[in-house]
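First up is the structure itself, then whatever we jot down about it.
Computed from the coordinates by the stated procedures, all read-outs in this text should not be read as laboratory data. A quick note: this is a predicted structure, and the numbers were derived from the prediction, not measured. A quick note on method: Cβ atoms are made from the backbone with ideal geometry, for glycine too, and the neighbour counts reach across all protein chains shown.
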Amino acid sequence: MMAAARVMDAALELLDRQLIDCDDRLAGNVDDVEIVIPDRWPDGASGELPVVTALLSGPGVLAERFGGSLGRGWSALHRRLHPDGALISIPIGQVRDIGSAIRLGLRSDQLASNRMEVWFRDHVVGKIPGAGHAAE
Amino acid sequence: MAVAFAAIGCAVGCVGSSQGEADYQHKAVATTEHVRSSVRTVELAVQTAAEGDDYGPYLSRVISQAEDDASSAANAFDTIQPPGETSDEVRDQVDELTQQALDVLSKARIAIRRGDVGGLVQLSSDLTAAGDQLEQFGESEHV
Amino acid sequence: MKKLFAVTLGILTAIGGFVDIGDIVANAAVGARYRWALAWVVVVGIIGIVLFAEMAGRVAAVSGRAVFDLIRERLGPRFALANLIGSFFVNLLTLTAEIAGVALALELATDVNYLLWLPVCALAVWLVIWRVKFETLEDVFGLLGLAMMVIAVTVWRAGPDWGSIFHEASHPTLPPGEGLPTYFYYAIALFGAAMTPYEVFFFSSGAIEEHWTRSDLFVNRANVYIGFPLGGLLSLALMSAAALFLNPVGITVEHLGQVALPTTLVLGRTGLAVLLVGFFAATFGAALETALSSGYTVAQYFGWQWGKFVRPLQAARFHTVVLAAVIVGAIIGLSSVDPIKVTEYSLIFSAVALPLTYFPILVVANDVGYMGDKVNSRLTNALGTVYLVIVVVAAAAAIPLMFATKAGA
């Protein structure tokens, strides 16, 4: 696998990119990136390097990244709406391709960032006649 | 200079307490120019009607909108307090001119609503006269 | 037939930008007031929008990413949110005005007060977005909007002295009694109209609705090079008709009805009928463009599924935003605000949002990771940079000029 390695700028090439699921549906943005830093790095001489382990996606995550009073307010609102606090973490192993968008090997309905979509589908758009038909 | 010019262009939108004679005069000119624009609009509409085509509701719409505009410009001017006695003369002049114009505009509206194209076309010279008088006032008072 | 229809996206986008309800009236008002002294702004605007719409379309075709995706990616979530809020606000104001504009066009044709038409128009706009395929929508309203060309025919038939028009346009002078600040206020409004951000939002999203790929780069160029200059031409025609017929008698243009007077005089009732169809199609098209754009921008910022290429159920949040925008637009419209004033203000606010939209496009159009060998040429970059400077100057001057001139009074 080392042969396929390429140098990436995680902030530029991962953050804020579009996620696309295995059915070609748009599935949120990369709102943050989870990086595991080895113990006592960089002095710990164990030879291990920091590793990107997951992509994080969802409005709660975005709120944390905003910081400031806007971020705090948004974050608090999000916790009220979703008290279970489920964070949307997509293991890096589910990433199939990184390009102008990031393709995932899973379906968007497995992602918690999809919950709001489901709510609007069930309570708003799904109630309007013709919602299930393709346009003509 | 630029500020003064901007004020001349100012019509119905900026009626406030009038500061001084010059300001009042600017507003008088702006009002007559506004009313003149309405009169000329109706003049063009009448010219169109004279050609005999049936324009449906379009001309009637244009004429009543012009009448509304002119009357709100005239009303707005009337609410301004003239700053001194010399301004009263300006006020009387503007009142007389705009009232004349509004009369013709109302007649035009009545004629078109009744479908009386002949009557409408007869108003043509009155409209021209009203427009010309308003224009002359603007030119004579322009400082 | 397919070939002819392939450029309707560009035409519809440009009509929404150059000749929506506010621009129809603003162009005529400028022509009646300044004759051709501001024609150069339209030309500057056409070149600018052609430049950036081509980039936006190319990025969409090559990378599959629409403009608001790029904005968040290159400016980060904070600046992108500022742009989103600003653009959404402008969009909503414009949508309000366009729905009212459709109603105003119907009012001229029927003499029924536009406030009665307004709810019907809002419902019609939403139904078209809900039920009609993107390709059908752009073909129908792009082609119907061409009825506005009757204004150009009016000018042509009036047989003006082209030499002196060209002279006035190339040697702009202020009419007596007019000040420079007001002149530049209108210049920025016209420039803002040509380059309104929702044009690139709509155009690039439309490219993705149509599934453009690398092999459609030719279609992109055809759309841009035909559609936008056509929009600009209509804008110049409106200005010229007013300069020829309304300026000499001292008419100040405030209503849609006055804009139609020159055509009615020159071409009679057929001309008027065609023009009213044009007014209807242009404002309806612009309403569709702004309603969809409000959904596109929000959905792209958050990465939601969007677009008419999936069933509404599969893009629930997108359709909710569009529906909400149409409802709010209709409510604001019903409060009987003057729709023409609303677009004039929104043009000035959109001038402020311009840099935050065009800068990311220029950056990404140079990114090899996105574009491969389709990055900008050196000439495009040079022009793009010049325009970015113009856009920043216009944005900085817009609000102060609005206050200094009492919005062009």
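A few notes on this one:
- Calculated FRET efficiency for the pair C:R78/C:F5, C-beta based, R₀ 41 Å, to 0.05: 0.50
- In summary, the helical segments of chain C meeting the span-like criteria, namely a full DSSP H run, a Cα extent along the axis of 24 angstrom or more and a mean Kyte-Doolittle hydropathy of at least 1.6, are C:39-63, C:114-131, C:316-334, C:378-404.
- Helix-derived mean residue ellipticity, 222 nm - over chain B, DSSP H n ≥ 4, -39500 (n - 2.57), to 500: -27000 deg cm²/dmol
- For the peptide B:43-55, the mean number of other protein chain Cβ atoms found within 10 angstrom of a residue's Cβ is 4.
- Whole-Hz couplings from phi, Karplus 6.51/-1.76/1.60, listed for region A:100-111; x for Gly and Pro: 5, 9, 10, 8, 10, x, 10, 8, 4, 6, 7, 8
- Approximating the spin labels as points 7 Å out from Cα along Cα→Cβ, the C:L115-to-C:H167 distance works out to 5.0 nm.
- Where labels lie 7 Å past Cα in the beta-carbon direction, separation of B:Q122 and C:I399 in nm: 5.9 nm
- Net length gained if the chain between B:D103 and B:A129 were fully extended (0.36 nm per residue, minus Cα distance): 8.1 nm
- The trypsin sites (Lys or Arg not before Pro) of region A:24-75 that DSSP puts in a loop, and whose beta carbon has at most 15 other beta carbons within 10 Å, are A:R40.
- Chain C - charge dipole about Cα centre, Lys and Arg +1 at Cβ, Asp and Glu -1, debye rounded to 20: 620 debye
- Annotation for C:R214 and C:W156: the two label points, set 7 Å from Cα along the Cα-Cβ direction, are 4.1 nm apart.
- In terms of surrounding Cβ atoms within a 10 Å radius of their Cβ, C:S215, C:S205 rank from fewest to most as C:S215, C:S205.
- With neighbours defined as other Cβ atoms within 10 Å of a residue's Cβ, the residues C:D161, B:D78, C:D216 order from fewest to most as C:D161, B:D78, C:D216.
- Of C:V375, A:V52, the sequence from fewest to most neighbouring Cβ atoms within 10 angstrom is A:V52, C:V375.
- With R₀ fixed at 60 Å, the C-beta to C-beta distance from C:A222 to A:R65 puts the FRET efficiency at about 0.90.
- Positive end of the dipole of the protein assembly as shown (Cβ unit charges, origin at the Cα centre): among C:I251, A:I90, C:V392, the Cα lying farthest that way belongs to A:I90.
- Sparse-neighbour loop sites [trypsin sites (Lys or Arg not before Pro); region A:73-128; at most 16 other C-beta within 10 Å; DSSP]: A:R107
- FRET efficiency, A:V52 to C:V249 (Cβ-Cβ, R0 60 Å, nearest 0.05): 0.25
- The residue list C:H211, C:T264, C:A237 was ranked by how far each Cα lies along the charge dipole of region C:112-264 toward its positive end, using unit charges on Cβ atoms, and C:H211 comes out on top.
- Cross-link check: pairs B:K27/B:K107; B:K27/C:K406; B:K107/C:K341 evaluated at a Cα-Cα cut-off of 18 Å; pairs beyond the cut-off: B:K27/B:K107; B:K107/C:K341.
- A simple count of charges around C:P175, restricted to other residues whose Cβ falls under 15 Å of its Cβ and scoring Lys, Arg +1 and Asp, Glu -1, yields -2.
- Taking θ as phi - 60° and the Karplus parameters 6.51, -1.76 and 1.60, the scalar couplings of region B:32-40 work out to 5, 5, 5, 5, 4, 4, 5, 4, 5 Hz in sequence order, x denoting glycine and proline.
- Top positive-direction residue, dipole computed over the protein assembly as shown with Cβ charges, set C:V326, A:S75, A:G132: A:G132
- Tilt relative to chain A, helix A:68-81 - C-alpha long axis, 0 to 90 degrees, to 10: 60 degrees
- Maximal additional length on extending the A:R96-A:R72 stretch stands at 5.3 nm, based on 0.36 nm per residue less the C-alpha distance.
- Check: the protein assembly as shown dipole with +1 on Lys, Arg Cβ and -1 on Asp, Glu Cβ, in debye: 2340 debye
- Less than 5 angstrom separates the built amide H of A:L19 from those of A:A27, A:G28, A:N29, A:V30, A:I102, all sequence-distant by 5 or more or on a different chain.
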